[in-house]
Amino acid sequence: MLLRVQHPDFPLREGDLDLVGAELADDGLIDLQLRQDVKEYLKWAFVEAGNSIAVNAARCPQRHVSELYRRLRARKGHAKAIGAVARHVAEAVWHVWSRQEAYRDPALRKEGGSSEG
């Protein structure tokens, strides 16, 4: 995965980028090619996020990821649902970073509500 980002809230120097295997391009953007060990940590983090979503699905049933988890759990089982939710969260993170926008929960957007709080 190669991702080119420039995020104003996270100014990085070239030495900082070595930690994740990224390079600072001439145009000021970051060429992000993740090292294998970093990918494993991210995978673990997204699976943990999926587990957290599963645990809190009853507490926040209106959230898009809670609905996704319940739908998939009914059809595929808990483990597959966690993996799918983890991938969904990873894709959402990628879109937030690449578009440099705040996350907006699709389920709350349909209702006209806010994803805050």
field: Qualifying residues in the stretch 30-46 (those that are hydrophobic (A, V, I, L, M, F, W, C) and modelled with pLDDT of 75 or more) - the one surrounded by the most Cβ atoms within 10 Å (Cβ to Cβ)
entry: F46
- prompt: So which residues in the stretch 35-76 are β-branched (V, I, T) and under 15 Å from the mean Cα position of the chain (by Cα), if there are any at all?
  reply: V38, V47, I53, V65
- prompt: Does any residue of the stretch 69-88 turn out to be among the β-branched types (V, I, T) and at pLDDT 90 or above?
  reply: yes
query: Considering the stretch 61-89 alone, what residues qualify as being surrounded by 14 or more Cβ atoms within 10 Å (Cβ to Cβ) and under 18 Å from L108 (Cα atoms)?
result: R63, H64, V65, S66, E67, L68, Y69, R70, V85, H88, V89
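The values are calculated or read from the model by the stated rules, or taken from the named source; none is laboratory data. Note that the structure is a prediction, hence the values are computed from the model and not measured. Here the Cβ is made from the backbone with ideal geometry for all residues, glycine too, and neighbour counts use every protein chain on show.
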